[in-house]
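To keep things clear, I will list the structure first and then write my remarks on it.
The values are calculated or read from the model by the stated rules, or taken from the named source; none is laboratory data. Please read all numbers here as calculations on a predicted model, not as lab measurements. Note that each Cβ is placed from the backbone with ideal geometry, even for glycine, and that neighbours are counted across all protein chains shown.
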Protein chains: 2
Amino acid sequence: MARVLVTGASGFVGRAAVGALRLRGHEVHAVARLEADLLDPSALEPLMRTAAASHLLHLAWTTAHGAFWSDPANLTWSAATLRLFEAFARAGGVRSVLAGSCAQYDWDAADRADETTTPRRPATLYGAAKESTSRLLTVWSSSQGLSHATALLFFPYGPYDKDERLVPSIAHDLLAGRAATVRNGAEVRDFVHVDDCGSALAALVDGDVEGDVNIGTGHGSSIAEVAATVARILGREELLRIDPPRAATTVVAAVERLRDEVGFVPRYDLESGIRQTVEWLSEGGAGSRPATPSAGASR
Amino acid sequence: MARVLVTGASGFVGRAAVGALRLRGHEVHAVARLEADLLDPSALEPLMRTAAASHLLHLAWTTAHGAFWSDPANLTWSAATLRLFEAFARAGGVRSVLAGSCAQYDWDAADRADETTTPRRPATLYGAAKESTSRLLTVWSSSQGLSHATALLFFPYGPYDKDERLVPSIAHDLLAGRAATVRNGAEVRDFVHVDDCGSALAALVDGDVEGDVNIGTGHGSSIAEVAATVARILGREELLRIDPPRAATTVVAAVERLRDEVGFVPRYDLESGIRQTVEWLSEGGAGSRPATPSAGASR
């Protein structure tokens with residue numbers, strides 16, 4: 001059992017990761033957005049003292065839907081992340097995991113993104129910031145004797161996702177009897193259920209695999225297929241409009257490291273994962289969202 | 001004429017860059033190590049107010065001889081650099097130049113390092129920190145409408161260099177009548193006189209070239225050749241011992257961007273540059289080093 005400091009713990013992925021870490025028997029010191037301002041350097045030492053954590057899972061970052069791709073705050077978060085890891089190392093931390101992103105890859109380079117061979121040529125400021133930060137932390141951690149991995153997250157979906165994201169936005173329209181229109185239907189992505197994402201992160205924190213590890217399922221689904229699955233489960237296929245396909249990219253994870261080195265296999269496939277999400281949404285999940293249970297320090 | 005904020009102004013390269021900027025008619029707000037602590041976030045806004053600079057030349061970094069290659073402070077300086085540039089942009093800055101390094105290249109990949117085609121695979125924490133920082137600043141600057149270039153410095157030498165560096169250390173031994181031993185004599189580097197380095201930086205600040213620009217001469221010289229030149233100029237060749245050659249790398253700049261886009265051509269070749277340096281050292285330059293004239297805010 002370890003003491004794990006989790007930042008971004010009240011976020012979509014953070015909530016799932018905190019749950020998975022606790023299932024594994026770890027004590028979690030969860031930092032939510034409003035509790036500790038990670039952008040304030042003077043908040044770091046007190047945080048490390050209180051947390052007294054041997055492990056760090058750093059999920060916090062600027063995440064405003066859409067805007068985060070080019071948000072200048074990416075630079076602020078990169079600098080804040082370097083300071084956070086320094087403070088963690090000074091406080092005696094031994095293992096850290098950073099949430100990176102599939103946006104660190106060159107999306108035009110390969111259909112299946114491999115941690116070691118696929119070129120890193122991020123198309124966005126967000127991707128560049130994550131790539132620079134993770135690359136620097138990898139080299140620095142090794143010089144510090146700190147064990148470090150960066151989790152390259154593919155496309156999480158599931159309960160507690162933001163209303164404007166793909167699955168909730170289509171489900172809400174269809175549940176309300178409104179037509180839902182899908183653009184970019186031909187884009188193929190590796191959609192991973194957020195509970196699998198959280199479990200994979202917990203397994204990564206728990207182990208000693210270093211370097212970059214993709215967090216995905218290894219299977220690609222088109223956006224059109226995801227939308228059609230939501231519509232079929234809700235029995236509202238007649239309300240779904242799919243715009244004609246345009247040029248599209250395929251962004252799917254190679255999962256050999258995750259499966260063979262971390263030892264993690266996803267529980268959900270697309271059908272079962274979307275069914276679970278749509279059922280949760282149908283029961284009013286997003287509408288009756290409770291106060292985030294994982295927010296705040298707790299053990 | 002612009003107002004240029006120069007960090008690291010009292011350093012080896014900084015002194016030369018400040019002189020070159022003034023020669024070009026610019027007002028320089030020079031920040032020396034002891035004057036403003038760039039690592040202290042609360043010092044940045046007052047600094048920007050006082051400097052009121054449209055241009056930024058950021059040279060400050062951890063530079064302890066030898067140790068800086070793996071100094072954990074590289075992470076601190078990376079974070080501090082991101083904060084500095086943010087503060088500069090917020091204060092209305094329009095153009096910035098970061099001092100990068102040839103250590104950002106893969107030294108095994110090519111004899112002539114080209115800004116666009118030679119792989120970046122830094123072998124050291126210093127190189128990784130400079131590469132990550134410059135890559136991130138390049139993408140971020142473009143998103144901010146800030147004009148930005150990173151100067152990839154090769155191997156500056158000249159007056160005011162640290163005593164333990166190649167040219168001064170050999171010259172001091174030979175001037176004192178002591179034998180000087182050269183190891184790694186077969187390593188080929190692009191040695192650039194510090195005054196040329198400063199002038200090139202000033203030209204880069206002055207222009208509008210964006211992205212990475214090598215600062216070198218385009219000519220490689222072996223360490224043995226540099227040592228032999230020093231010995232010959234001092235007439236002490238009999239005191240020079242050169243260890244048998246071992247496997248060595250060649251690190252020489254491609255200078256097309258510097259010459260054709262920035263419009264800069266070095267003034268010194270190896271012979272004239274080392275002669276100037278050795279004469280300065282012979283006259284007691286390093287021993288009678290004056291208080292650094294470029295330190296402190298001045299215009």
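Of note:
- Of all residues in region A:31-48 being more than 24 Å from A:Leu204 (Cα to Cα), of a type in the set (A, V, I, L, M) and more than 13 Å from chain B (Cβ to nearest Cβ), the one that is surrounded by the fewest Cβ atoms within 10 Å (Cβ to Cβ): A:Leu34
- Unmet criterion (only one of (1) free of Cβ contacts under 8 Å to residues at least 60 places away in the same chain; (2) in contact with an Asp or Glu (Cβ under 8 Å, 6 or more places away or on another chain)) for A:Ala149: (1)
- Residue among A:Pro159, A:Pro168 that alone is over 30 Å from A:Ala79 (Cα atoms), part of a helix (DSSP H, G or I), at pLDDT 95 or above and not small (Gly, Ala, Ser): A:Pro168
- Exclusive hit being surrounded by 15 or more Cβ atoms within 10 Å (Cβ to Cβ), closer than 29 Å to A:Ala9 by Cα and not charged (D, E, K, R), set A:Gly220, A:Gly263, A:Gly185: A:Gly220
- Any chance A:Asp208 is among the charged types (D, E, K, R), closer than 30 Å to A:Val4 by Cβ and under 18 Å from the mean Cα position of the chain (by Cα): no
- Condition met for A:Ala51 (under 18 Å from the mean Cα position of the chain (by Cα) and over 21 Å from B:Arg83 (Cα atoms)): no
- Restricting region A:119-138 to residues that are under 20 Å from the mean Cα position of the chain (by Cα) and under 10 Å from A:Tyr105 (Cα atoms), the residue that is nearest to the other protein chains (Cβ to nearest Cβ): A:Ala128
- Those residues of region A:123-139 which are β-branched (Val, Ile, Thr) and either surrounded by 24 or more Cβ atoms within 10 Å (Cβ to Cβ) or more than 13 Å from A:Ala99 (Cα to Cα) (or both), in sequence order: A:Thr124, A:Thr133, A:Val139
- Filter result for B:Val213 (touching a helix residue (DSSP H, G or I) at 6+ places or on another chain (Cβ under 8 Å) and either in contact (Cβ under 8 Å) with a residue 12 or more places away in the chain or not acidic (Asp, Glu) (or both)): yes
- Qualifying position, being surrounded by fewer than 19 Cβ atoms within 10 Å (Cβ to Cβ) and among the hydrophobic types (A, V, I, L, M, F, W, C), among B:Ala176, B:Ala180, B:Ala203: B:Ala176
- Residues satisfying the stated conditions in region B:49-72, i.e. surrounded by fewer than 18 Cβ atoms within 10 Å (Cβ to Cβ), hydrophobic (A, V, I, L, M, F, W, C) and over 25 Å from B:Pro156 (Cα atoms): B:Ala52
- Enumeration of residues in region A:139-152 that are more than 8 Å from chain B (Cβ to nearest Cβ) and either farther than 17 Å from A:Asp114 by Cα or among the polar types (S, T, N, Q) (or both): A:Ser141, A:Ser142, A:Gly145, A:Leu146, A:Ser147, A:His148, A:Thr150
- Pairs where the first residue, in region B:46-57, is within 11 Å of B:Arg3 (Cβ to Cβ) and the second is of a type in the set (Phe, Trp, Tyr) and crowded, with 24+ Cβ neighbours inside 10 Å, C-beta under 9 Å, 6+ apart: B:Ala51/B:Phe88; B:Ala53/B:Phe88; B:Leu56/B:Phe85; B:Leu56/B:Phe88
- Selection from region B:223-247 of residues that are surrounded by fewer than 15 Cβ atoms within 10 Å (Cβ to Cβ) and either of a type in the set (A, V, I, L, M) or out of contact with any strand residue (DSSP E or B) (no Cβ under 9 Å at 6 or more places or on another chain) (or both): B:Gly235, B:Glu237, B:Glu238, B:Pro244, B:Arg246, B:Ala247
- Scanning region A:266-278 for residues that are surrounded by fewer than 20 Cβ atoms within 10 Å (Cβ to Cβ) and either under 21 Å from A:Asp111 (Cβ atoms) or at pLDDT below 95 (or both) yields A:Asp269, A:Leu270.
- Annotation: of all residues in region B:49-107 being within 20 Å of A:Trp77 (Cβ to Cβ) and charged (D, E, K, R), the one that is farthest from the other protein chains (Cβ to nearest Cβ) is B:Arg90.
- Lone unmet requirement of (1) part of a helix (DSSP H, G or I); (2) under 17 Å from A:Leu201 (Cβ atoms); (3) among the β-branched types (Val, Ile, Thr) for A:Val28: (1)
- If you go through region A:148-204 and keep only what is hydroxyl-bearing (Ser, Thr, Tyr) and in contact with a Ser or Thr (Cβ under 7 Å, 6 or more places away or on another chain), you end up with A:Thr150, A:Tyr157.
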